[in-house]
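Contents: one structure, followed by commentary.
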Amino acid sequence: MRAPPFVLAIACAIAPALAVSEEALRPREIAPGVRLLSFSDRYGSANAGWIDLQDRVVLVGAPHPEVLDRLLGEAQRTAGKPVRQAIFTHGRAGEKEAALALAEKGIAVLAPAEVTWRWREGIPSSRAERIQELPERLKIADASREVEVISFGHAAGIGDAAVFLPKDQVLFAGELCVHGPRAALAGSNTARWARALESLQKLPAQRVVPGFGSEGGPELLERQKSFLLELRRQTGHGIAMGLPLKEVRGRVRLEPQWLVWMPYDEPAIEDLDHVYEELTTPRAPFAVDPFPPEDPRPRALAIIGDGPHEPGHLEKGLRPAFEAAGAAVRFAVDPQALSAESLMQVQLLVILRDGYIWPEGRERPAQVWMTPDQENAVVDFVEKGGGLLALHNATGLYREEGLYLNLLGGVYRGHGPLERFRVKVVDGEHPVTRGVAEYEVADEQHTPATDPKKVRILLESYAAEGVRAAAGWAREAGKGRVCYLANGHTLEALLQPEYQRLLRNAVRWCLKSG
């Protein structure tokens, strides 16, 4: 289990001081002028490194004061010049003390803003002036090399940053990447963490130094991201089904490809509970991942996932269409995230899930999740000008006499097997279908019944057995708009190019943005 004493460092702040041998401080040169110390379990499996510039050494990480002199001496011996700067990539227990010890020696400390804010209280002014906030992007350069520091805010911890050396293609990823020890998730924001890793993957790094554990190549970033997404996917699927926490815990099983040092890095109960809390109300979706106030894009809330549809592939299939439509979206697997309060934060509601949950476990009968209050909230939202985009099985297993299906204009009447069938545009003049060609898709052919007095049929599907069904429609209700598209069971169906065009058009039409 990893100890969290400092960032990319070598000593534990909460363990008693231990004698440090010469072997423990023997550096390895991983690129010309870039050195790394081997990690040790007694120091939390953390890595420390330093970068040789022309006039100084930049330390990546900060050792515990007990071994500070030894480490600084080793850095000066190998580089032939003193350490003048230290870059902290996150802030955990013991790091404030390490920063103060460095500042006392006249070394400039740079740390994520969220970290320095927590350090302000009680720092003597003589040392506080040497502890500076990292900007969002920082470049430290001379004739020998360039050092890029990228801040990510609250992700794996309260504040995270990474250090990249373009010339050497070396990335110090800090606590954003843990490769070996357990990645403790308490206090993290796993959605932002995964997005930060995705950003790091765009850098041309060939050597990745994780904050904790074994170094390697860019595959370390992919493994860490996949670990987080898989944990969110499995936990989210249980939440979408309405299963209680105890049963969700028992369902999560990570395969060996997501782990490195089994059983050391297997997620603990508190990690699963943290993800569960992130994905359920009241934290989900806006408290844990709010829309940035400076983002001018229209906003959408997408309620996804149910028993037959795990949410991971649904989000992966829907997100490109929102990006293409110029809309910001937050995905929610907890059906309780649908409320009058949450709809006040968006202009579009998207539903891709059926009407059933199992709050007492799969051995008990299912229940319809959408309450009358939620139905009223959706109708009120649309009639006042909001948009509703219902997808695939969003007609299924809801109250047929309820306001939601009455607003939608169609009801579930079953579906065929997973097979290839044709979808034909029957109304190419509508903005949702404009520019969309007839296409084939591997999916379930849903056969909903529609109210011809309410809806305008846009698409029809044709299966090999001659079954013909409505595959999409649109209507206006009050000041708002409603659209239904039938495809969406598989990732292949969601990513079908013509269907992606339909989704993009539908998002824009429902938002009245195009």
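A dipole drawn for the chain from +1 and -1 charges on Cβ atoms has a positive end, and of Gly410, Leu348, Leu53 the residue lying farthest that way is Leu53. Backbone amide hydrogens, once placed in the peptide plane, bring Gln445 within less than 5 Å of Gly416, Glu419, excluding anything fewer than 5 places away on its chain. In this Cβ point-charge picture (+1 for Lys and Arg, -1 for Asp and Glu), the chain has a dipole of about 820 debye about its Cα centre. Backbone phi angles across region 135-141, fed through the Karplus curve with coefficients 6.51, -1.76 and 1.60 (θ = phi - 60°), yield HN-Hα couplings of x, 4, 9, 9, 10, 10, 9 Hz in residue order; Gly and Pro are listed as x. Cross-link check: pairs Lys384/Lys454; Lys246/Lys316; Lys96/Lys139; Lys139/Lys225 evaluated at a Cα-Cα cut-off of 21 Å; pairs beyond the cut-off: Lys246/Lys316; Lys96/Lys139; Lys139/Lys225. When peptides 339-349, 159-169, 198-208 are sorted by average Cβ neighbour count within 10 Å, with the highest value leading, the order is 159-169, 339-349, 198-208. For semi-axes √(5λ) of the Cα gyration tensor in Å, pick the label among (1) 38, 28, 20; (2) 51, 22, 21; (3) 48, 26, 21 that corresponds to the value derived from the coordinates. Correct label is (2).
The distance between label points at Glu129 and Arg299 comes to 4.3 nm (points 7 Å beyond Cα on the Cα→Cβ vector).
For region 408-514, the convex hull spanned by the alpha carbon atoms encloses 93 Å³ per residue. Axis angle, to the nearest 10 degrees, between helix 311-325 and the longest C-alpha principal axis of the chain: 80 degrees. Using C-alpha pairs under 8 Å with a sequence gap of at least 6, the mean separation divided by the residue count of region 230-277 gives a relative contact order of 47 percent.
Each DSSP beta bridge with both residues in the chain is either parallel or antiparallel, and the antiparallel ones are about 60%.
Taking Cα atoms only, the orientation of helix 219-240 departs from the longest principal axis of the chain by about 40 degrees. All Cα-Cα distances of region 23-229, cut into 10 Å bins from zero to the largest, leave 9, 38, 40, 13, 0 percent in each bin in turn.
Sort 372-378, 393-399 by packing, meaning the average of other beta carbons within 10 Å per residue, with the highest value first.
Listed from highest to lowest mean packing, they are 393-399, 372-378.
Computed from Cα atoms, the angle from the helix 68-79 axis to the main principal axis of the chain rounds to 90 degrees. Of all DSSP beta bridges confined to region 23-229, the antiparallel ones make up roughly 60%.
Rule-based calculations on the coordinates, nothing more; no lab input. The structure displayed is predicted, hence computed values, not measured ones. All Cβ positions, glycine included, derive from the backbone under ideal geometry; neighbour counts span all protein chains shown.
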